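Worksheet: the structure to be examined is printed underneath.
What follows is calculated from the coordinates using simple rules that are stated; it is not laboratory data. Not measured: the values here are computed from a predicted model. We place every Cβ from the backbone using ideal geometry, glycine too, and count neighbours over all the protein chains shown.
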4 protein chains.
Amino acid sequence: MNFYSDNVAGAAPEVLAALAEGAAGAMASYGADPVTARVTDRIAEIFETELAVFPVATGTAGNALAMSVLCPPFGAVYCHAGSHAHVDECGAPEFYTGGAKLVPLDGADGKIAAADLARALDHGGAGDVHHVQPAALSITQLSECGTTYTVDEIAALADTAHRHGLGVHMDGARFANALVALGCTPAEMTWKAGIDILTMGGTKNGCMAAEALVVFKPELARELGFRRKRAGHLFSKMRFLSLQLEAYLADDLWLRLAAHANAQAGRLAAGLRAVPGVEIAYPVDGNQLFVAFPPAVREGLAAAGFGYSTWDERLTRLVCAFNTDPAHVDAFIATTARLSEQAA
Amino acid sequence: MNFYSDNVAGAAPEVLAALAEGAAGAMASYGADPVTARVTDRIAEIFETELAVFPVATGTAGNALAMSVLCPPFGAVYCHAGSHAHVDECGAPEFYTGGAKLVPLDGADGKIAAADLARALDHGGAGDVHHVQPAALSITQLSECGTTYTVDEIAALADTAHRHGLGVHMDGARFANALVALGCTPAEMTWKAGIDILTMGGTKNGCMAAEALVVFKPELARELGFRRKRAGHLFSKMRFLSLQLEAYLADDLWLRLAAHANAQAGRLAAGLRAVPGVEIAYPVDGNQLFVAFPPAVREGLAAAGFGYSTWDERLTRLVCAFNTDPAHVDAFIATTARLSEQAA
Amino acid sequence: MNFYSDNVAGAAPEVLAALAEGAAGAMASYGADPVTARVTDRIAEIFETELAVFPVATGTAGNALAMSVLCPPFGAVYCHAGSHAHVDECGAPEFYTGGAKLVPLDGADGKIAAADLARALDHGGAGDVHHVQPAALSITQLSECGTTYTVDEIAALADTAHRHGLGVHMDGARFANALVALGCTPAEMTWKAGIDILTMGGTKNGCMAAEALVVFKPELARELGFRRKRAGHLFSKMRFLSLQLEAYLADDLWLRLAAHANAQAGRLAAGLRAVPGVEIAYPVDGNQLFVAFPPAVREGLAAAGFGYSTWDERLTRLVCAFNTDPAHVDAFIATTARLSEQAA
Amino acid sequence: MNFYSDNVAGAAPEVLAALAEGAAGAMASYGADPVTARVTDRIAEIFETELAVFPVATGTAGNALAMSVLCPPFGAVYCHAGSHAHVDECGAPEFYTGGAKLVPLDGADGKIAAADLARALDHGGAGDVHHVQPAALSITQLSECGTTYTVDEIAALADTAHRHGLGVHMDGARFANALVALGCTPAEMTWKAGIDILTMGGTKNGCMAAEALVVFKPELARELGFRRKRAGHLFSKMRFLSLQLEAYLADDLWLRLAAHANAQAGRLAAGLRAVPGVEIAYPVDGNQLFVAFPPAVREGLAAAGFGYSTWDERLTRLVCAFNTDPAHVDAFIATTARLSEQAA
C-alpha cells in the first residue's frame, strides 16, 4: 500500500507482453528498426502534426536534452522554483547545456503566471553581455504540485516566452494524467498552445523506462540525435524502448492508465476531505495529492504500513499510479479516519 | 541471418521472464530496491572482492561515467586508436569529463602494447601546464578487433599506467566473451590485474539494455552516484535494470550465452578459413570475425540476405550473438563457398 | 566627472612606470620570471602566511577559477543574490565549474547572514543524489552594496560553511577598500577568519588589468595552474601582470589608493546627506554609494555631465576611484544641491 | 641573448607610450570606449572589409573562443598534429567548445595538405550519429614549424573545408611575420582565401598582451561577446587592450617589427647554414628556425649563455623577436662556428 510515488509501481502487463513478443528475431540497432518507425508515426498521429521523436529511458535525460537544444551555454532557462529540473535532477540541465543557468520563478499551486514571467523577462538582461541570456521556458504539466495548467494558461506563457525570443519546453513526466484531467487533445495542450518541445513521460504511467522526446520544431531536432548519442542515451537495442512506447500508446492504454490513476487520486482526496483535521493543499487535478495531516496521523499512517513522501514539515505527498488498488485507497482513508479520531 | 552485430539480437528468455516476474508490486525507486542490493552482492561474489556497482542502460554511459571519475577536465585518457570510446561514442568521454582529451595509440590486433603506452607516457607532458595531464588508460576487452588481452598483458598495461599515476578502466562491452575465451576468473581479468573500474556489459550478451559499472576502488565510487543522476542515467524504476542483471548473472547464464556466441564465431571462422580466397584478419578470440572476402563474394552475401558490417574497404565484420542459430552459421559458410567458386 | 564605476578610471602612474621599466630585456615566459616570484613573496609577506598566487587579468577569471577548484560539476556555490558572480558574469562560474549551480541567498545590505546560510544548508540536500551538492560559499568584500563584512561576520560565515564541508571564497574585487575601511590586517580579513581562496583585486584600484588569485590551502592550488592555462588566462609575457601587482603592492600604494577612494566616497556621502530629498541606501563603508535622488535631480545630474550608474528605478550607484578628484566630488554635491532646490 | 621564444621579449616602446598616454581620464568600460572603436575601424581598414573585432589578452583565449563559435560540443576541429591548439593549450579548445574533439592531421613542414584534409573528411563520419561531426578547420600561419602557407594553399584548404561544411579558423599568433614573408595583403591571406575567423596576434610581436579576434562572417560574431565575457576575457578597462592594438597597428609598426624579426631569423639561418655539421630543418619563412646542432654544440651554446628551446632530441628552436639585437645574432653564429670547430 505504497503511495510514495508513481515510480514505485511496476509496469503494465501490456507493456511487458510487448517486450516479450518483440524480443524475437534480429532487428536493426540504434533506432533503425521498424518498431521505432511505427512509434514515431503513432505519435505524429496522436499529435496531429509532423514531428520528430527521440525515445529515451528517463525523464531527466529528456528534459536536459530538450534544454540543450533550446539554450546556449550562456543562456538561461526560466522555470518554476519547485520544478523537477531545477530541484531534483542534480544539475542535469546545467550539464547538458554546458553550464546554462536556471532562473526559478515563484508561483501559486506549482504554476508560473504569465505576468510573472513577463516581469522577469523585462529584467532578464537580454542583449547585455554581462548577463546570461533568456533562452527558454520550461513548464511542468502536471505541475510538481499536482495541478494542471489550462490550455489558455499554457498559451499565455508560450506567447510571452516567444515574444521575448525564448523556446518553450514542457516537462510532461505526467503528461497523460494532465491530458485526461483537462480533457483536451494532445495537440491543444502542446504545439497548438505554443510548446516547441515536449518530454512525454511513459515511465510513471505504466512503462518500465520509456519517455518520448517529441519535437514540434524541425530545427530543434537537428542536433538531438548527436546530443542523445553523446550522452549515452541512444539505446543499441532501441526496439526495447520503442516496444514499450508502442504498447503504451496502442488502444489508448496510456489514457486508460492515467484515468485510473487520476480517479484513485480523486477518490482518495474525496475520502480525506471528509476527515476532520485533514487539509488538502492544492487542487487535485491529476494523480497527486499534497495533504496536511495532524502529526500523529501522519506517523500513524507510516506505522500502519502506508508509504508516502514527506514533502516538507507540513505536507505529505500521496501519488496514485496506473495500477493503484482502490482497496488500498479505501484502506488509507479508513485508517486516516481512525487515526484522526484517536488523535482528537 | 544477421551477423551485423550482437546488438541486432533480442534478449534472452530468462531475462524477459525476470522482468515479467519482478514487475508486480511496489518497490522503492532509484536503486533502493532489494533487487539492486542483490545484484551488487552477486557481482561482489563473482569478483571475489568488495566493490560498488552502478547499473546503467548503455555501454557509452558506463564508459563515459567511468572516465569522468578517473580524469579531470584538463586530463587525457589513453586508449586504442580504434576504441569505441574514441571513435563511436560521438564524444561522450569528452562530454562527461568536461572536455578531457582522448589520446589514441596504435597497436596490432586492436590492442595496446605496454611498451607503446610507456613510450607515450614518457612524452605525455605530465606536470607541464601547457599539456593535458595523463590521467587514465582505457582498454577494451574483447578489443574492437575481436581479440583478447591476456591477463599478463592487462597486468603489464595497468602496471605501466599506475606507475605514471593513471587510473585504469576496462570497457567490457563483451566482457563475458573475453572471460570465456581466456578461461580465467573475473577477478583475475580485472582488479587482480590492476583494473580500477569496469564497464561490464550485459546488453550485447542477452540483456535488453543493462550494463554494470563496477568500481574496485572505493574512492572512485564517491562521485558516481551524483554524476549518474546528473547524466539522466539513474532509473527511477531501477528494478528493471537490476532484474535484467540478476537473471543474466544467475546460474552462469551470462557465461553460457557468451560460450555459445564464441562457439558460433569459431565455427564460422573454421568454415570460412576453408574457403579459397577468404582471409581472416585477426585472431578470433571471442564472438567477432573480421574477414577479407573477394568483392564479388561480399556483394553476393548481401544479395543472399546475410547481414554484416562493412568495416572498411577490405574487411567485413561478422558478429555472433548469444542466440545465433548454428544453421545460420552453416548457411553463411555454404553460401560463401558457393559464391567463391562462382567468382573463381 | 565620472562616478559610473571605478573601472572607468585609468591606471596609477606608479603602475604605468613599472611596466615601462620592466619591459626591457628578455625574461622567462609563462610566470617563470623573477617579477612573478617577487610578487608571490610580497603577497605572502602581506598575508603573513605561506600561500600560492596565480595572477590573472580579470576578476571574473579569478572568481570562476576559484570556484572551479572548490566545487565539482554537480555542486552548488552559495552566494548573495546580488553577487557579481551570480548576476554579472554571464555564467562564468557555471562555465568554469562544468555546470555547477549558484544558490542565491538574500541578505540585508548586500551581505549574507550566517544564520541564513546555516538554514539554507540545513535544507541543502547534502548526500542526496537528486540534488546538487553544497560545495562552496562565495562572499564579496566590499559587498555589491558597498558594505563591509566585519571580521566576526566573515568568521561566522566561514565557520558555518566549513562545518557543512564547504570551501570559502572571497571575491575581493574591492579588497583594498574593505581592508582600509575595517582597519584590520589582510590576514585577519581572510585566512584567519576562514577564507580558503581569495580573488584580490587590483584592476579597480589603480592597475590596468591585474588580479591575484591567492590560495591559502595548498591542495586547492594543485589544479589551478592547469585550469588557468586551459582557460587562456596564463599570460605568456606574465611579467606584465606581475609588474602591475608589484608596483601596486609596493610602499603601500594599494592602501593609499584605496584610502583616497574611500575618503572621496565619504566626502560625497556627507555632502549628499545634507541635501534635502536625497537618501543614501546602505552604509557607505568603502568607495561606493547607493543614492535615492528625486527623479528630476537624477536627470539633471546626467544633463550636467555627471556619469553614474542607474542601479534600479530608485537607486543610483556612485563610485569613487583611486584617482577621483575632490573637486569633482564637490561639484557633484553642489550640483545636486542646486538641482534639489530647483525641484523643490 | 635569448632565442627561446618571441614571448621572452618585452614590449615595443610605442606600445608602452600609448598605454601611458591613454591612461589619463575616465573612459567607458567593457569596450564601449573610443579607443576600441578606433581599433575596430583600423582593422577593417587593414583588411579592406567589414568585420567584427574582439580584443583579448592571450592567443589561447582567441583560438578557443574562435573554435567555440565554429564547432558544437559534438563536433570536431581538424588541425595539424603539431598545432599549438592541440598540443600546447592544455585542452582550451575542448573547454571552450564544451568537449569537441581535435582531429590531428600530419603534414610536412608543419602544414596540412588540402588533399590530406579532403581524405580525412571523406572518412569523417559526417551525418553519422556515432561520430563527432566535422565542424571546423584550424590552420596556423606561421605554422608551428616556422613555415608559411601560401595564399593558394590557404585557399585550397579553405575550399576543401567549406565544401564539407566546415568553418575555417586561422591561428595567427605570428600573423605579421607570415604576412611580411608572403608580401601579400591581409585580405589576400585571410577572407579572400576563405578564412572565416582569425586570431590576429600582437603579443609575440611587440604588444604586452593583446590579440584581436577578427571575425569575417557576421553570424559568427553574434555569440562571441557573451562567450568572451563568460570566459573572463572581457576586460573592464578595455582601453588598455585597445591602446596596445592601436599603437601596434599605427604607422605600420606591426609590419616593421615583424620585418625586423624575420630579417634577424634570415640572418641567423644564413650564418648557421655556413657552419659545418649544422642543419636547418624547415624552410625559414618567418622568425623561427629549427636547427639540428651536433649535441656538443647545443650544450656549448647553453653554456655560453644563449637561450633556446629544446624542441625534441634532435631539433632546437630559435626564435627572433621584434627587438632582437643583430649583435646577438652575430654572436650566436660566431659561437656556433667556434663550438663546431672544437667539436670536429
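Summarising the overall dimensions of region B:42-149 from its C-alpha atoms, the Rg and Dmax are 14.6, 45 angstrom. Descending by average beta-carbon neighbour count within 10 Å, the peptides C:267-280, D:153-166 line up as D:153-166, C:267-280, the highest first. Once the gyration tensor of the Cα atoms in region D:259-323 is diagonalised, the equivalent ellipsoid follows with semi-axes of 19, 13, 11 Å, ordered largest first. Which of the three applies to region A:19-99, rounded, prolate or oblate, going by the alpha-carbon gyration tensor with a ≥ b ≥ c and a/c under 1.5 meaning rounded? Because a/c hits 1.5 or more and a/b exceeds b/c, region A:19-99 counts as prolate. With a simple spin-label model that places each label point 7 Å from the Cα along the Cα-to-Cβ direction, the separation between A:R314 and B:A126 comes to 5.9 nm.
Nearest-to-axis residue in chain A, judged by Cβ distance to the rotation axis that brings A onto D and given in whole Å, is A:G98, 2. Region D:1-41 and region A:119-190 have Cα centres lying 48 Å from one another.
Each pair of Cα atoms in region B:138-177 enters the Kirkwood radius, and Stokes-Einstein at 20 °C and 1.002 mPa s then converts it into a translational diffusion coefficient of 205 µm²/s. The value for the protein assembly as shown of Rg(Cα) / (2.2 N^0.38 Å) is 0.97. Going by neighbour counts of Cβ atoms within 10 Å, the residues B:K237, C:K217 line up, fewest first, as C:K217, B:K237. Taking chain A as a Gaussian network of alpha-carbon nodes connected by springs under 10 Å, the highest mean-square fluctuation of the residues A:D312, A:D325, A:D33 belongs to A:D312. For region D:120-162, the share of alpha carbon pairs falling in successive 5 Å distance bins from zero is 5, 20, 22, 19, 15, 12, 6, 2 percent.
Would you mind telling me the antiparallel percentage of the DSSP bridges in chain A, rounded to 5? That works out to approximately 50 percent antiparallel. Radius of gyration (Cα atoms) of region B:82-133, expressed as a multiple of 2.2 N^0.38 Å: 1.27. Using the Cβ-Cβ distance between D:A250 and C:L255 with R0 set to 45 Å, the FRET efficiency from 1/(1 + (r/R0)^6) comes to roughly 0.75. Charge dipole of the protein assembly as shown (Cα centre as origin; +1 on each Lys and Arg Cβ, -1 on each Asp and Glu Cβ, all else neutral): 0 debye, rounded to the nearest 20. If R0 equals 22 Å, the separation of the Cβ atoms of C:A334 and C:A263 corresponds to a calculated FRET efficiency of about 0.75. Computed across region D:99-221, the Kirkwood hydrodynamic radius from all distinct Cα-Cα pairs reaches 15.0 Å. Does region C:225-271 come out rounded, prolate or oblate, given a ≥ b ≥ c as the square roots of the eigenvalues of its C-alpha gyration tensor, rounded meaning a/c under 1.5 and, failing that, prolate meaning a/b above b/c? Prolate, because a/c is 1.5 or more and a/b exceeds b/c. If you add up the charges near C:V8, with Lys and Arg at +1 and Asp and Glu at -1, over every other residue whose beta carbon is less than 14 angstrom from its beta carbon, what do you get? With Lys, Arg at +1 and Asp, Glu at -1, the neighbours total +1. If r is the Cβ-Cβ distance from B:T49 to B:R163 and R0 is 22 Å, what FRET efficiency results, to the nearest 0.05? That pair, B:T49 with B:R163, gives E of 0.50.
Taking 37 °C and 0.692 mPa s as conditions, region B:203-342 diffuses translationally at an estimated 187 µm²/s according to Stokes-Einstein applied to its Kirkwood radius (Cα pairs). Annotation for A:A118, label-to-label distances across the other copies: 4.4, 5.9, 7.3 nm (shortest first, one decimal, point 7 Å from Cα along Cα→Cβ). Sorted from nearest, the other copies put their D:D251 label points 3.1, 9.0, 9.2 nm away, the label point being 7 Å from Cα in the direction of Cβ. Remark: mean inter-chain Cβ contacts per residue of B:82-93 equal 6, using a 10 Å Cβ-Cβ cutoff to other protein chain atoms. Taking the DSSP beta bridges in the protein assembly as shown as the whole, what percent of them are antiparallel, to the nearest 5? Expressed as a percentage, antiparallel bridges in the protein assembly as shown total about 50. In whole Å, what is the distance between the alpha-carbon centres of region C:240-287 and region D:240-313? Cα centroid to Cα centroid, the span is 48 Å.
When the helices of chain A are scored as -39500 (n - 2.57) per DSSP H run of n ≥ 4 and the total is divided over every residue, the value at 222 nm lands at -13000 deg cm²/dmol. For region D:157-262, the square roots of the Cα gyration tensor eigenvalues, ordered a ≥ b ≥ c, give a/c of at least 1.5 with a/b no greater than b/c, which places it in the oblate category.
In this label model, A:T150 and B:R119 are separated by 7.5 nm, measuring between points 7 Å along each Cα→Cβ vector.
Copy-to-copy label distances for D:P295, where each label lies 7 Å from Cα along Cα-to-Cβ, are 5.2, 8.2, 8.4 nm in order of increasing length.
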